[in-house]
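**Student:** Below you will find the structure I want to go over with you.
Since every read-out is calculated from the coordinates, none of them should be taken as a lab result. Only a predicted model underlies this, so the values are computations on that prediction, with no experimental measurement involved. Cβ: placed from backbone, ideal geometry, glycine included. Neighbour counts: every protein chain shown.
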Amino acid sequence: MVATKNDNQIKMSARKVCVSYSGKQALFNVDLDILHQSVTALIGPSGCGKSTFLRCLNRMNDYIEGCIFHGSVRIDGKDIYDPKLDVVELRARIGMVFQKPNPFPKSIYDNIAYGPQIHGLAKDKSELEEIVHTSLEKAGLLKEVKDRLQEPGTGLSGGQQQRLCIARAIAVSPEVILMDEPCSALDPIATAHVEELIDELRDNFTIVIVTHNMQQAARVSQNTAFFHLGNLVEYGATETIFTSPQDERTQGYITGRFG
Amino acid sequence: MTNTLLKGFPIKEGERTETISKRRERRYAAEKRFKILGILSILVAISTLFLLIGNMINKGFSAFKQTYLELSISLPENKFPNEKQISPNVISELNFKSFLKRALLKKFPEIKSRRDKRLLYKLISSGATFDLQDAVFENPKLLGKTITTLAIASDDVDQYIKGNITANNQGRITIKQSKWIDKLVDDGVINQKFNLKFFTNGDSREPELAGILGATIGSLLTMLVALALAFPLGVAAAIYLEEFAPKNRWTDLVEVNISNLAAVPSIVFGLLGLAVFLGFFGMHRSAPLVGGVVLALMTLPTVIIASRAALGSVPPSIREAATGIGASPMQVVLHHVLPLAIPGILTGTIIGAARALGETAPLLMIGMVAFIVDIPQGINDSATALPVQIFLWADSPERAFVEKTAAATLVLLTVLIIMNLGAVLLRKKFERRW
Amino acid sequence: MSRNHIVKSYDEEIKKLNNSIIELGGLVEEQVERAIKAIVERDTNLAYKTIDDDDKIDDLNYEIDNQAVRLLALRQPMAQDLRNIVATFKLSSDLERIGDHATGIARRSIPLSEDKPIQPIHVIPRMGKLTMTMMKNCIDAYIEQNSEKAERVWNADKEVDEMYVSLFRELLTYMMEDAHHISACSHVLFIAKNIERIGDHVTNICETIYYMVEGERMQQQRIRQTKSDRLLTDSITEK
């Protein structure tokens, strides 16, 4: 199915995206537009290709042995699979947050400072400090960790760790943030904090989130795409997907009548 | 209740509890047997180890003590008023040997014949002369005074005192000598002291003068060379293979070869060293440099395998996190993966080094087995290594070398235990939890 | 709903809720039927019984709301399930309103039965029968989840409205002829109004069923609303 929007608000657009892992095709001709400064949720059963698609958006699949990509993904009209494009620079523009909170085993400060350091975003120490503080504040974590920036990031609670990872992603001021099931390892309260954060981040960032939790997709996203067996089955406004989906498979999945 | 529970199962209501409890008993019995077997095997291993170490201590501990003769020696007047004129050459013009002989003879005024005198003088080691000479050189003011000094006894006296040999007219201590010794013991002239020479001397033909310093320095230099080569090479190879190399037939082949190399008998590495480093490159025979290179080759596979395991155990989430922020593959490895893997790598390296430290065979092939008295000053000096020294002493005919062998083994074992302990502590200290 | 939920008890709960709606539908249908019968047969006892029985409807309505709230809280329904459950709120409240109208009819049938019969009353059973058929079909549409049928029923309401308008004219002339008829005629007028309102609730139910099944609004809804209003105002201004 073709899910495209005729809107000048398009931030990223994927066309005819096919991905295969060692000969096994995982995505089939996916066309999808991601709108500027909105939250797009990718849902679907396990192995449907939603994470694969997400990882195509910042070329995280590059490092996976035997992964072959066809098609095109554009950000602001520029092809990210252009061989001339610098992947490192791309990842500074498109940040990523992972399923399991994965702070570096370093201090909270170093965790956040790392990105700006390797990209040279801060001219001196005070600028770096400013970046760290702003990122933590944007991630709603500053109040909780202000007095222990030098303590290890791994000592935080699961929810705080995940927000630390989001802060780390924000620190390089990306335009797009990809989130791969960011709340699947968190308890409901921590999840609520992260969801609230996602909602706030929408004002400044374009967010794509993969989630297994449909309520979460319904709560945080403006648009939802349903993947099944490597195909994009349905894409539309979240409220439409969750109240009256058009496709039988979407209906079955979101109401719990699958398979 | 139970009826509905058992619906569809072939088992009958009555049999159920009985079958289960019978099974459970058998299971518990099997568990218990397994535990007992495990404890037994550990006991066997530990008792063997204790037997070995106990045996070594039993045999070798006496080597840490040395027998001395307490003699009062009257030194001649100082003929050199200017202290600056005193040099070893000048000092050695004095006949220290005769001073010692005279002092000893004073204890036995009844001895007159030349033969007996010669037998008597044999009680003192030739090393005593040099000790006295050194003492006077250090402190020339002693000249002209009568001093009490400890003269090192010969190995035969030492062994006789320790009860390792008995007096025998055909043997190394004659009945006559033994009587003199007994008298000296009664007079309190014979003393036993901590054997410092064992740790400060190089090898010697005289067991009472032989020490392990030369071999230890040799081992140390060899290890330095080996580690300086094997560590960076091994880690670099491991990083490349684990993080960057594509998975294909060639890397598979390399992998198989590395594993194979780890299992190659060490003597083969010695042959390689002999043929390539000595034969082809013409490097210095018996030098720690060659030994180190050979041991580095031998340790390399161990280091690579341990490093790869350590690198592989760094969770992929850390790699993903760094990659996701925009770190290049090189930065991912150097900033994140390697620091986390270092404890594991070091542990592997220390264990590899410990193995190399105890290695004898390859060193035999490249000539580090020579009798070398001097303490090596650099990696190109001729040297020997601790295990080789042990091997050499074990081959020596003198009874006194038996305890030296055991003592050197004890020292080597202690060093190995310290290294392995270090590896364990390192692992414990830097172990990270993700 | 072709397939079942993975969680079986969820299916059972939804089914129970739907059955409750069907039960409520049946109850309301019976109430309307009895109210009309009370008029036709001038049976005041039946009328009183009908009025009393309204409590049952209220109870069942409350029960249905409870069930639906429970499902919303515990199952977090989505898509068709969500529409289904939200629809039951509307359906039960519409049905409850129909029940109220039936009570109203029964209440007004008592003075009518005590007075002497008037001529225009013959339209009432016809109107009643028509609405009852609509109700029956509408509940069938719910059971079958048939949006087409719901749409057909919805269209039938036009007829009820027309009947109401013509009855209204007839009653006006009747009352103008003889002032003594005003009391009875106004009762009949209110009864007719009640029946017409029942018809409107039935159309609401149809719209709900349509949304529940299709997930979107019925096409002709908007057009019709204004048309029926005009019909009535026209008929009044004509005089």
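**Student:** Per Stokes-Einstein, at 4 °C and 1.567 mPa s, what whole-number D in µm² s⁻¹ belongs to the range B:213-430, with the Kirkwood radius over Cα pairs as the hydrodynamic radius?
**Tutor:** Taking Rh from Cα pairs, D becomes 70 µm²/s.
**Student:** Just tell me how shielded C:74-82 is by partners: mean number of partner chain Cβ atoms within 10 Å of each residue's Cβ, no decimals.
**Tutor:** That works out to 6 on average.
**Student:** Enumerate the calculated ³J(HN,Hα) couplings along the range C:160-175 in order (Karplus 6.51 cos²θ - 1.76 cosθ + 1.60, θ = phi - 60°), each rounded to whole Hz, writing x wherever the residue is Gly or Pro.
**Tutor:** Residue by residue, the range C:160-175 yields 4, 4, 5, 4, 5, 4, 5, 5, 4, 5, 4, 5, 4, 4, 4, 5 Hz.
**Student:** From the square roots a ≥ b ≥ c of the eigenvalues of the alpha-carbon gyration tensor of the range B:65-202, which class results: rounded (a/c under 1.5), prolate (a/b over b/c), or oblate?
**Tutor:** Judged from the Cα gyration tensor, the range B:65-202 comes out prolate (a/c at least 1.5, a/b above b/c).
**Student:** Only Cα pairs under 8 Å and at least 6 apart count here; give the relative contact order of the range C:8-238 as a rounded whole percent.
**Tutor:** Computed over the range C:8-238, the figure is 25 percent.
**Student:** Calculated FRET efficiency, A:Thr134 and B:Ser328, Cβ-Cβ r, R0 30 Å, to nearest 0.05?
**Tutor:** 0.75
**Student:** I've got another one for you. Calculated from DSSP H runs of 4 or more alone, at -39500 (n - 2.57) each and per residue, what is the 222 nm mean residue ellipticity of chain B, nearest 500?
**Tutor:** -19500 deg cm²/dmol
**Student:** Here's another thing I want to ask about it. For a paramagnetic label modelled at 7 Å from the Cα of A:Leu121 toward its Cβ, which residues of the range A:132-165 fall within the zone defined by backbone nitrogen distances under 15 Å?
**Tutor:** A:132-140, A:164-165
**Student:** Shielding of A:235-243 by partners, i.e. mean partner chain Cβ atoms within 10 Å per residue?
**Tutor:** 2
**Student:** Here is a follow-up. For chain B, return all DSSP H helices satisfying: extent of Cα atoms along own axis at least 30 Å; mean Kyte-Doolittle hydropathy at least -0.5.
**Tutor:** B:13-60, B:213-239, B:288-312, B:400-430
**Student:** As an exercise, use a Förster radius of 51 Å and the Cβ-Cβ distance of B:Lys247 and B:Met283 to find the FRET efficiency, rounded to the nearest 0.05.
**Tutor:** 0.85
**Student:** Then there's this: In whole Hz and in residue order, list the ³J(HN,Hα) couplings for the range A:63-68 that follow from phi through the Karplus curve 6.51 cos²θ - 1.76 cosθ + 1.60, θ = phi - 60°; x for Gly and Pro.
**Tutor:** Going residue by residue, I get 8, 8, 4, x, 8, 10 Hz, with x marking Gly and Pro.
**Student:** What's the extension gain from B:Glu77 to B:Glu93 if we count 0.36 nm per residue and subtract their Cα-Cα distance?
**Tutor:** That pair, B:Glu77 and B:Glu93, stretches by 4.4 nm at full extension.
**Student:** Output ³J(HN,Hα) for the range A:179-186: one whole-Hz value per residue in order, computed from phi by the Karplus curve 6.51 cos²θ - 1.76 cosθ + 1.60 with θ = phi - 60°, and x for Gly and Pro.
**Tutor:** 10, 9, 6, x, 10, 5, 9, 10
**Student:** Can you give me the C-alpha center-to-center distance between the range C:1-65 and the range A:214-259, rounded to a whole angstrom?
**Tutor:** When both Cα centres are located, 35 Å separates them.
**Student:** Identify the residues of the range A:138-154 with backbone N under 16 Å of a label point that sits 7 angstrom from the Cα of A:Glu196 along the Cα-to-Cβ direction, or state none.
**Tutor:** Label zone hits: A:138-145.
**Student:** Among A:158-165, C:119-126, how do they line up from the highest to the lowest mean number of other beta-carbon atoms within 10 Å?
**Tutor:** With the highest mean Cβ count within 10 Å placed first, the list reads A:158-165, C:119-126.
**Student:** Antiparallel versus total DSSP beta bridges in chain A: what percent is that, nearest 5?
**Tutor:** 55 percent
**Student:** Here's a follow-up. Inside 10 Å of the C-beta atoms of A:32-45, what's the mean count of C-beta atoms belonging to other chains?
**Tutor:** 0
**Student:** Sorting check: for C:129-135, B:138-144, B:396-402, A:220-226, which peptide has the highest mean count of neighbouring beta carbons within 10 Å, and how do the rest follow?
**Tutor:** A:220-226, C:129-135, B:396-402, B:138-144
**Student:** For a test of the definition: using alpha carbon positions, the gyration tensor, and the 1.5 limit on a/c, classify the range B:244-306 as rounded, prolate or oblate.
**Tutor:** prolate
**Student:** Moving to a separate point now. Quick one: work out Rg over Rh on the C-alpha atoms of the protein assembly as shown, Rh as Kirkwood radius.
**Tutor:** That ratio equals 1.30.
**Student:** So, one more: List the relative contact order of chain A as a percent without decimals, with contacts defined as Cα pairs under 8 Å and 6+ residues apart.
**Tutor:** It rounds to 27 percent for chain A.
**Student:** What whole-number distance in Å separates the alpha-carbon centres of the range B:281-298 and the range B:200-270?
**Tutor:** Distance between centres, Cα-based: 10 Å.
**Student:** Please work out the FRET efficiency for the pair B:Ile418 and A:Glu248, using the Cβ-Cβ distance as r and a Förster radius of 60 Å; give the result to the nearest 0.05.
**Tutor:** Computed FRET efficiency for B:Ile418 and A:Glu248: 0.25.
**Student:** Quickly rank A:188-198, B:321-331, B:248-258 as a protection proxy: mean count of other C-beta atoms within 10 Å, highest first.
**Tutor:** B:321-331, A:188-198, B:248-258
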